[in-house]
1. Going from most exposed to least, what order do 392, 165 have by accessible area with a 1.4 Å probe?
2. Would you kindly compute the Cα radius of gyration of the stretch 98-210 and its largest Cα-Cα separation (Dmax), both in Å?
3. Taking a cut-off of 26 Å between Cα atoms, list the lysines near residue 180, but don't count ones fewer than 8 places away on the same chain.
4. Equivalent ellipsoid semi-axes for the stretch 181-237, as square roots of 5 times the alpha carbon gyration tensor eigenvalues: give them largest first, rounded to whole Å.
5. Run the numbers for residue 374 and residue 98: contour at 0.36 nm per residue of separation, minus the present Cα-Cα distance, in nm.
6. Which of the peptides 48-57, 218-227 is most tightly packed, and how do the rest follow, judged by the mean count of other Cβ atoms within 10 Å per residue?
7. Return the percentage of antiparallel bridges among DSSP beta bridges fully within the chain, rounded to the nearest 5 %.
8. Suppose a student asked you for the relative contact order of the chain, using Cα pairs under 8 Å spaced at least 6 residues apart; what percent would you report?
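The values are calculated or read from the model by the stated rules, or taken from the named source; none is laboratory data. All of these numbers come straight from a predicted model, not from anything done at the bench. With ideal geometry, Cβ positions are generated from the backbone for all residues, glycine too; neighbour counts draw on all protein chains shown. Side chains included, ligands, DNA and RNA excluded: accessible areas come from the protein's heavy atoms. Shrake-Rupley method; radii C 1.70, N 1.55, O 1.52, S 1.80 Å.
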Amino acid sequence: MFADRVLSGMRPTGSLHLGHYHGVLKNWIKLQQQYECLFFVADWHALTTHYDTPEIIEQNAWDMVIDWLAAGVDPSQAILFIQSKVPAHAELYLLLSMMTPLGWLERVPTYKDQQEKLSEKDLSTYGFLGYPLLQSADILIYRANLVPVGEDQAPHVEFTREICRRFNHIYGKEPGFEEKAELAIKKLGSKKSKLYAELRTLYQEQGDDNALEEAKSLLNEQQNLSLGDRERLFGYLEGGGKMILIEPEALLTEASKMPGLDGQKMSKSYNNTISLREDPESIRKKIRTMPTDPARVRRSDPGDPAKCPVWQFHVVYSDTQTCDWVQSGCTTAAIGCLECKAPVIDAILAEQAPMIERIKKYEEDPTLVRNIIADGCEKANKLAEDTMRDIREAMGLNYS
Ligand code: TRP
Ligand code: SF4
């Protein structure tokens, strides 16, 4: 129950580009091999800022899933689903809202930032203010302990940790908690209960983190503990009450080195992207017409790769030998810019080839993607329900 679990979501805002691939998807593909992973289309999140253009959601959602699959996200390793098809996210969001201090939401740095950045939109809405809490529900409902995010989203994970602690503090206190916890310890058997008690003391009296970790893995190995006892014993380790929800950790994704065609960050709003499904001829054209060091007016003028966005592409795609060739060729005017761009074009096309291959299959038969998502939604619904049962009980709602 408390094994490592990764959760991440992406808003369906348009077709994905190389920035998404290098910045997010490559990381997901690595994670899916190491952990149980859940990846979802955050369509409700898209509506927090795009509530007035609902027509974009559906097409973008399917296109985005196809792009994930094309990039190598593997539905046999990760659970892929759509947020709005797992309505429990909304139920948890509602329940968490009862105990969320308004000030916590107002202080989330993205709130004011984004309002200012997207000033052409009216974002003084309840949904926009509450969106970090929706994200908390996304994470907490799966008891995911690892959340891969970029730096910009780290405050949302921190906010989620605070919500989680507050929830466990308020709702984890059952009558007779201590007695129940002590009884649960006995059920571990004499040797293990002694070890548990020792490790707990080490942690509580000396702050020994290793002891805490050891005690947690001891609990993880216990097959026949009831769910309630398990939560009690995890909660009892750190004090407080039951740990109904799990505090997640941000897995900070390194900022992508992938620049846009103009050297700025690759982003749809800058119109400097190469999409994952870009036509190869269009890729060639975009790279060939990319700006270079402005000092190279004539072929015979030497240049400086540091002032050239093409160089940034070499940093991402080229081996040392090619990079050396660019450095010396550019600064001595031994190579021309088109010559310099050729290996970049080849590398992008080579990276793209297997994606195009995979996409073909999904474009020919749209039921494939529908089935993958239906299967993922079913699995996600089951996992979410497991947590919701405990939450409803803790909040006094399990009556009929
Ligand atoms: N808010 C994220 C974004 O805009 C998307 C997201 C929604 C998410 N829920 C999440 C990411 C949960 C990680 C975990 O990019
Ligand atoms: Fe840029 Fe290459 Fe031209 Fe130098 S030779 S300016 S690095 S494209």
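1. 165, 392
2. When restricted to the Cα atoms of the stretch 98-210, Rg and Dmax are 19.8, 66 Å.
3. Reachable lysines: 191, 192, 194, 216, 242.
4. After scaling each eigenvalue by five and taking roots: 18, 11, 10 Å.
5. 96.2 nm
6. Descending packing order for the listed peptides: 48-57, 218-227.
7. The antiparallel fraction comes to roughly 10 percent.
8. Taking the mean separation of contacting Cα pairs over the length of the chain, I get 21 percent.
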